[in-house]
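Trainee: The structure's right below; bear with me while I get my questions together.
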Amino acid sequence: MNPSAFPTYRGIMEYVCLSCGKRSGIDELLYTCPHCGGVLLLEDTGFDRLKKISGEEWRTLFDARAAGKTRALRGIFRFYELMAPVLEAEDIVYLGEGHTPIIEASSALQDIVGAFFAVKNDGQNPSASFKDRGMACAFSYLKSLIRKHGWTEILSICASTGDTSAAAALYGSYVGGAIRTVVLLPQGKVTPQQLGQPLGNGATVIELPGVFDDCMKVVENLASNYRVALLNSKNSWRILGQESYAYEAAQWRDWNMKGLNLFVPIGNAGNVTALLSGFLKMYALGIIHELPRIFGVQSEHADPMFEYYNSGEKVFKPVAVRPSAAQAAMIGNPVSFPRVRALVERYRAIAGMDAFHVMQVREQDIMDNMLTANRHGHILCTHGGECLAGLRNALAQGLIGKNSFSIIDSTAHALKFADFQQRYFTDSFDPAYEITPKDALRNAPVTLLSQERKAELDKQDVSAYVQEAAQAVADTLHLQKR
Ligand SMILES: *Cc1c(COP(=O)(O)O)cnc(C)c1O
Ligand SMILES: [Zn+2]
């Protein structure tokens, strides 16, 4: 196979309903099963043909593509055959998503934590969160539909905790043409940066009272009654794109999964679905020889998946969420729960019960771990802090060994959640968060000299201000004269 040519393999993709098992064609945009309303996953019914190629050959091909120059294969579609092998090169949207760096934790931080680990900085995607992976795939599919059907106008819509809307607005405005983007946000529940992103990209931004779960219900209502393209992770094309995270993590480890743990936050559960699915596909093709352990992490303020997997309950119960610093995961009724349940069953059947866990962490630990990591040269968002807190819980509970290796997912860039850092530094969290700043982790600017003093000094000779300011800085820092 020529690593620099666009792949010739085409899959036979279908939507599969996780409730009734019925299949539907992909010529239509479907979000739920037309027969029973169940949640869907996309499946390549020709997948077994890929087994004719050995795991070794796949690894070589993916490694070679990493050095290639074909535009359509530069991003997540380096793993084309495993994701959405029905798209043509001309439909593939590439804005630089994927191939985010995996940075080994600074040695001082690994000492503090007491384990070997690295951070996958998924905030280094174009809209600064992992959502771009799924959006690149969903928009590529949308583009192919627009081309095939000759649609002249299509309204794309999503509910969001902030990052889905940022990604949808970015990709929508890039593709342009027939696409108009509308995003629904829970008022006051996204950060100023996340609100600014879709506004800047020219999307129609609608704010509604309530939390994400409320907005999601409104969007679902719109999607079933009007002609709109839903871009939430209910849209299975997003899941396919997000599988690229698993492929990249495996490639970074040189495809050796021994002793590897992955920690990922769970909100609407699309990301953890994609991880499970991605590793299962690589395993089926012999690209990897064992499955890594996957740890979902939830705040105790939004933990329905933790409850389901740890309370011995056999029925899933949505929870009412409370304010969380891991705000993009503040979801009480994850849309992808049925997908996770189905995939975890398959995952555990191969790799054992211990191959999948959901950890619960405290709000305090989310912030403390984010700030501790960032004081050691990292760029964790609050959800990265949540993952690190989950890793430390797993260590404390003896679920992972000190000699194992973990990759934690910082799902967004630290800057998107600067607001939470600021609340910590200024001790201004609403009591409902249950977060009390630790002095050792706080920081604030040191303000020297007033504007009035500057004006006075400027009236004196040219060096007066510099002399007084330098003296003030030297005094503050206790500098030694040379
Ligand atoms: C969306 C999001 C999550 C939650 O991911 P799900 O796929 O909904 O579980 C976590 N962190 C960030 C930064 C997000 O944007
Ligand atoms: Zn069905």
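The values are calculated or read from the model by the stated rules, or taken from the named source; none is laboratory data. These numbers were taken from a predicted model, which means no experiment stands behind them. Counting neighbours? That spans all protein chains shown, and the Cβs are built from the backbone with ideal geometry, glycine included. Areas reflect the complete protein model, heavy atoms only, side chains present, ligands, DNA and RNA absent. Shrake-Rupley method; radii C 1.70, N 1.55, O 1.52, S 1.80 Å.
Trainee: For the stretch 347-398, which whole-number percentage of the solvent-accessible area (1.4 Å probe, protein heavy atoms only) is attributable to carbon and sulfur atoms?
Mentor: 47 percent
Trainee: Going highest first, how would you order 112-120, 433-441 by mean Cβ packing within 10 Å?
Mentor: Highest mean packing first, the order is 112-120, 433-441.
Trainee: Find the all-direction average of the projected area of the Cα convex hull for the stretch 398-450, expressing the result in square nanometres with one decimal place.
Mentor: Across all orientations, the stretch 398-450 yields a mean hull projection of 7.1 nm².
Trainee: For the stretch 349-413, what does the equivalent ellipsoid look like in terms of its semi-axes, each the square root of 5 times an eigenvalue of the Cα gyration tensor, given largest first in whole Å?
Mentor: That gives 23, 12, 12 Å for the three semi-axes.
Trainee: Give the accessible surface of the chain per residue, rounded to a whole number of Å², with probe radius 1.4 Å and ligands, DNA and RNA excluded.
Mentor: Per residue, the chain has 42 Å² of solvent-accessible surface.
Trainee: Moving to a separate point now. Which of the three applies to the stretch 324-376, rounded, prolate or oblate, going by the alpha-carbon gyration tensor with a ≥ b ≥ c and a/c under 1.5 meaning rounded?
Mentor: oblate
Trainee: Report the semi-axes of the equivalent ellipsoid for the stretch 88-135 in whole Å, largest first, where each axis is √(5λ) for an eigenvalue λ of the Cα gyration tensor.
Mentor: 32, 9, 7
Trainee: In Å, the Kirkwood hydrodynamic radius of the chain over pairs of distinct alpha carbons?
Mentor: In the chain this quantity evaluates to 23.6 Å.
Trainee: A further question follows. Let me know the shape class of the stretch 423-482, please: from the alpha-carbon gyration tensor, a ≥ b ≥ c as square roots of the eigenvalues, rounded when a/c is under 1.5, otherwise prolate if a/b is greater than b/c, or oblate.
Mentor: It is oblate, given that a/c is not under 1.5 and a/b is not larger than b/c.
Trainee: Taking the Cβ of GLY270 as the centre, find all other residues whose Cβ is under 12 Å away and add up their charges (Lys, Arg: +1; Asp, Glu: -1).
Mentor: Here the count lands on +3.
Trainee: Using only alpha carbon pairs under 8 Å that are at least six residues apart, calculate the relative contact order of the stretch 268-399 and give it in whole percent.
Mentor: 29 percent
Trainee: Moving on to the next point. Apply 1/(1 + (r/R0)^6) to the Cβ-Cβ distance of LEU155 and SER54, taking R0 = 60 Å, and write down the FRET efficiency to the nearest 0.05.
Mentor: Step by step, r from the Cβ atoms, then E = 0.85.
Trainee: Shifting gears a bit: Extension gain SER450-ASN403, at 0.36 nm per residue separation less the Cα-Cα distance, in nm?
Mentor: Length difference between fully extended and current span is 11.6 nm.
Trainee: Now, a different point. Any idea of LYS217's accessible area? Nearest 10 Å², probe 1.4 Å.
Mentor: Solvent-accessible area, nearest 10 Å²: 130 Å².
Trainee: Now for a different question. Whole angstrom only: what separates the Cα centroid of the stretch 71-104 from the Cα centroid of the stretch 297-341?
Mentor: Here the two parts' Cα centres lie 30 Å apart.
Trainee: What's the magnitude of the charge dipole for the chain around its Cα centre, counting Lys and Arg as +1 and Asp and Glu as -1 at the beta-carbon? Answer in Debye, nearest 20.
Mentor: That gives the chain a dipole magnitude of about 980 debye.
Trainee: A further question follows. Within the chain, which cysteines find no other Cys whose Cβ is under 4.7 angstrom from their own?
Mentor: CYS137, CYS158, CYS215, CYS381, CYS387 - these cysteines have no disulfide-compatible partner (Cβ-Cβ under 4.7 Å) in the chain.
Trainee: Please give the net charge around PHE306, taking every other residue with its beta carbon less than 13 angstrom from that of PHE306, where Lys and Arg add +1 and Asp and Glu add -1.
Mentor: Neighbourhood net charge equals -3.
Trainee: Starting from the Cα of LYS481, draw a straight line to each of the aspartates and glutamates and keep only those under 17 Å, dropping any in the same chain fewer than 8 residues away.
Mentor: Qualifying aspartates and glutamates at Cα under 17 Å: GLU468.
Trainee: Quick check: the distance between the Cα centres of the stretch 415-482 and the stretch 220-246, to the nearest angstrom?
Mentor: 45 Å
Trainee: Also: With a 1.4 Å probe and every protein chain kept in, tell me what percent of the accessible surface of the stretch 88-218 is carbon plus sulfur.
Mentor: After summing per-atom areas, the C and S share lands at 53 percent.
Trainee: Ratio to report: Rg/Rh of the stretch 1-118, with Cα atoms as the point set and Rh obtained by the Kirkwood method; give two decimals.
Mentor: Looking at the stretch 1-118, the ratio lands at 1.09.
Trainee: Pull up the cross-link candidates among the aspartates and glutamates for LYS131, meaning alpha carbon to alpha carbon under 14 Å and not fewer than 8 places away within one chain.
Mentor: GLU97, ASP122, ASP163, GLU243, ASP409
Trainee: Determine how large the accessible area of LEU155 is when every protein chain is in place; take a 1.4 Å probe and give Å² rounded to the nearest 10.
Mentor: Estimated to the nearest 10 Å², LEU155 gives 50 Å².
Trainee: Also: May I ask you to evaluate 6.51 cos²θ - 1.76 cosθ + 1.60, the Karplus curve with θ = phi - 60°, for each residue of the stretch 96-104 and list the ³J(HN,Hα) values in order in whole Hz, giving x for glycine and proline?
Mentor: Once rounded to whole Hz, the list reads x, 6, x, 6, 6, x, 10, 10, 5.
Trainee: Under a straight-distance cross-link criterion of Cα-Cα below 13 Å, which aspartates and glutamates are reachable from LYS148, leaving out those fewer than 8 residues away in the same chain?
Mentor: ASP27, GLU28, GLU88, GLU90, ASP91
Trainee: My understanding is that a pair violates if its Cα-Cα distance is over 24 Å; which of LYS22/LYS281; LYS317/LYS416; LYS22/LYS234; LYS189/LYS217 do that in this structure?
Mentor: LYS317/LYS416
Trainee: Now for a different question. Any idea what angle helix 382-396 forms with the longest principal axis of the chain, computed on alpha-carbon atoms, 0 to 90 degrees, nearest 10?
Mentor: It is inclined by approximately 80 degrees.
Trainee: Please list 276-282, 92-98 highest first by mean number of surrounding beta-carbon atoms within 10 Å per residue.
Mentor: 276-282, 92-98
Trainee: If you average the sequence gap of Cα pairs under 8 Å that are 6 or more apart and divide by the length of the stretch 46-124, what percent do you get for the contact order?
Mentor: Computed value for the stretch 46-124: 21 percent relative contact order.
Trainee: Turning to a different aspect of this structure: So what is the relative contact order of the chain, in percent, for Cα pairs below 8 Å that sit 6 or more residues apart?
Mentor: Answer for the chain is 15 percent.
Trainee: While we're here: For the pair ILE112 and ARG23, what calculated FRET efficiency results from E = 1/(1 + (r/R0)^6), where r is the Cβ-Cβ distance and R0 = 60 Å, to the nearest 0.05?
Mentor: 0.75
Trainee: Per-residue accessible area for TRP252 at 1.4 Å probe radius, Å² rounded to 10?
Mentor: The accessible area comes out at roughly 100 Å².
Trainee: What is the stretch 122-229 by shape, rounded, prolate or oblate, if you read a ≥ b ≥ c off the alpha carbon gyration tensor as root eigenvalues and call it rounded for a/c under 1.5, prolate for a/b larger than b/c, and oblate otherwise?
Mentor: Oblate shape, in that a/c is at least 1.5 and b/c is the bigger or equal ratio.
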